[in-house]
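Here the structure is laid out as structure tokens; the discussion comes afterwards.
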Amino acid sequence: MRLSTFSDYSLRVLMHAALRAPERVTVDEVAEAYNISRNHLVKVVHALGRNGFLATRRGIGGGFTLAMPPNQIGLGQVMRLAEADETVIDCRERSGGRCRIFPACRLKGVLDEAAAAFFAALDNYSLNDLVKRPAEMKTVLKI
């Protein structure tokens, strides 16, 4: 299984904000720290703000901070937002009809069960669990 870039960046943004709390962070700082695209980060920050994970402020002096304590930001919640769809496979053919083997196939059920287990495991962790070694992380990220 491979997570989307959106998921990866969402976690990085939240981790960076947690490490910098209570200071405001900018998209440019995160882009530089992780050497990733600013354009993608703008979309990520917007979505995280719209969904209550970040408090954002536009314009000069703008940026973002965590909207709640890191121990209240569940990784399962973030990943469900970022992945947007927990379905691993879609049993429709490209022509729009159902897959020929759909009535007899168990693949979708097995993969759906695996995806549910994946999200359930993430529900056991919070953002706080990702930043338990702040001094080391700040050194690596030059914060």
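Details
- Debye, to nearest 20: dipole size of the chain, +1 on Lys, Arg Cβ, -1 on Asp, Glu Cβ: 260
- A full extension of the chain between residue 90 and residue 26 corresponds to an added length of 19.3 nm, given 0.36 nm per residue minus the alpha carbon distance.
- The alpha carbon radius of gyration of the range 29-143, expressed as a multiple of 2.2 N^0.38 Å, is 1.42.
- When 37, 10 are arranged by Cβ crowding within 10 Å, least crowded first, meaning fewest neighbours, the order is 37, 10.
- Residue-averaged [θ]222 nm for the chain, counting only DSSP H segments that reach four residues, each worth -39500 (n - 2.57): -15500 deg cm²/dmol
- Local electrostatic count at residue 41 - Lys and Arg +1, Asp and Glu -1, tallied over other residues with Cβ under 14 Å: -1
- Scattering curve values for the range 1-86, log₁₀ I(q)/I(0), Debye with Cα scatterers, q = 0.16, 0.23, 0.25 Å⁻¹: -0.55, -1.16, -1.37
Only the coordinates and a few stated rules stand behind these numbers; no lab work does. It should be emphasised that the depicted structure is a prediction, and the values quoted were computed from it without experimental measurement. Methodologically, a virtual Cβ is constructed for each residue, glycine included, from the backbone with ideal geometry; neighbour enumeration extends over all protein chains shown.
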